[in-house]
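The values are calculated or read from the model by the stated rules, or taken from the named source; none is laboratory data. Everything numeric here is computed off the predicted structure, so don't read it as measured data. Heads up, the Cβs are rebuilt from the backbone with ideal geometry, glycines too, and the neighbour counts pull from every protein chain shown.
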Amino acid sequence: MNTMKAIRLHEFGGPEVLRYDDVPIPEPKPGEVLVRVHAVGVNPPDWYVREGMPNVPPAMRPPLSLPAIPGTDVSGVVAAVPADVDGFSVGDEVFGLLRFPGLEGSAYAEYVAAPASDLARKPAHVDHVHAAGAPMAGLTAWQFLIELGHDHPSPFQAAQHRPMALNAETTVLVNGAAGGVGHFALQLAKWKGARVIAVASGVQESFLRELGADQFIDYTKSRPEEVAHGVDLVLDTVGGLGSSRFLRTLKRGGALYPVFVAEYDPEEVAKLGVTTSGTQVRSNGPQLAELGRLLGAGTLRVAIDSTFPLADARRAHERAARGHIQGKIVLTVA
């Protein structure tokens with residue numbers, strides 16, 4: 001048994017290019033452990049890679065050769081530990097964001113060779129499906145809001161991102177609050193004591209209030225910039241051309257953090273007396289262990305939008321393309 005099932009890309013394109021192949025089980029390199037995968041989280045970079053990253057400038061695209069196994073978020077059980085790795089043993093249940101922001105996570109598979117530094121022990125009372133939904137989305141929210149945790153320069157700005165301190169005197173607005181990053185950001189802000197305004201479509205209101213939202217804005221009925229005022233921090237998980245409207249919700253001295261690239265008029269930013277700042281999430285086992293403790297304690301929870309067998313990765317990507325996701329999409333591995 002030296003082969004496994006995996007989803008591979010042989011060409012770039014729509015969900016139909018995801019192929020269910022037989023491939024060799026990977027051999028761990030120095031510093032890596034072999035993980036028997038039980039579940040895989042589906043994230044936006046997965047479909048960006050599948051499409052060939054057409055919206056990323058060529059100079060900023062990480063190298064990727066075909067055929068390639070996509071995916072970065074895994075939860076599973078350690079199957080082999082080389083002699084040079086300490087801290088993990090065969091049989092340990094682990095979860096992790098693998099090799100990001102590189103594109104060689106290779107998570108859509110029955111086995112993956114995972115850098116030990118990218119892994120943390122899975123909380124005992126959190127199943128593999130929910131654990132697989134946590135790494136990228138949870139670490140993105142953590143590195144934007146709580147602690148950056150690294151000194152790598154951002155590809156999007158010259159200054160190092162420095163999260164604003166959150167407390168009971170802080171009001172945080174989360175745009176796209178029902179999505180993967182958004183629902184973690186809402187919960188982390190509440191954990192720090194902040195007042196949270198959640199922006200999403202109306203069908204998400206009860207879900208977001210259950211997570212702790214103090215105020216809800218249905219963007220299909222109201223313009224957030226006309227409803228919310230005096231906000232200390234906006235985390236915009238949607239980004240794009242409409243992001244600049246959230247500048248007008250901020251008090252002087254406030255900040256807007258775009259998770260996805262967005263452009264703002266420097267004159268407007270200066271006139272309003274606010275700042276903008278972003279970063280790029282990176283794999284971080286110790287931070288994931290902190291998230292794991294919060295998940296294990298029930299302080300954070302992972303919402304699951306839907307699950308699909310690994311062989312049906314195409315259907316998972318089609319679900320993602322329809323949008324209005326509540327939490328995370330996860331692939332299950334038998």
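General observations
- Tally of residues being more than 26 Å from the chain's Cα centre (by Cα) and crowded, with 16+ Cβ neighbours inside 10 Å across the range 1-20: 1
- For the range 296-317, the count of residues that are under 21 Å from PRO115 (Cα atoms) and among the charged types (D, E, K, R) is zero.
- Counting only strands (runs of 3 or more DSSP E) that fall entirely inside the range 107-194 and contain at least 1 residues that are assigned by TED's automatic domain parsing to the domain that holds ARG223 and in contact with a Ser or Thr (Cβ under 8 Å, 6 or more places away or on another chain), the qualifying elements are 171-175.
- Long-range neighbours under 6 Å by Cβ, at least six apart or interchain, first residue under 29 Å from VAL302 (Cα atoms) within the range 41-62, second basic (Lys, Arg): GLY41/LYS328; MET53/ARG61
- First in the range 323-334 and assigned to a loop (DSSP other than H, G, I, E, B), second anywhere and of a type in the set (Gly, Ala, Ser), Cβ under 6 Å, 6 or more apart: ILE325/GLY179; GLN326/ALA178; GLN326/ALA303; GLY327/ALA303
- Figure legend. Inter-residue proximity from the range 129-141: first residues farther than 13 Å from LEU300 by Cβ and modelled with pLDDT of 95 or more, second residues assigned to a helix (DSSP H, G or I) and aliphatic (A, V, I, L, M), beta-carbon distance below 7 Å, spacing 6+ or different chains. Indicated pairs: THR140/VAL181.
- Among the residues of the range 262-321, those that are more than 25 Å from ALA120 (Cα to Cα), hydrophobic (A, V, I, L, M, F, W, C) and not in a helix (DSSP H, G or I) comprise ALA262, VAL274.
- Pairs where the first residue, in the range 1-29, is in contact (Cβ under 8 Å) with a residue 40 or more places away in the chain and closer than 19 Å to VAL78 by Cβ and the second is among the hydroxyl-bearing types (Ser, Thr, Tyr) and in a strand (DSSP E or B), C-beta under 7 Å, 6+ apart: MET4/TYR111; ILE25/THR3; ILE25/TYR111; PRO26/TYR111
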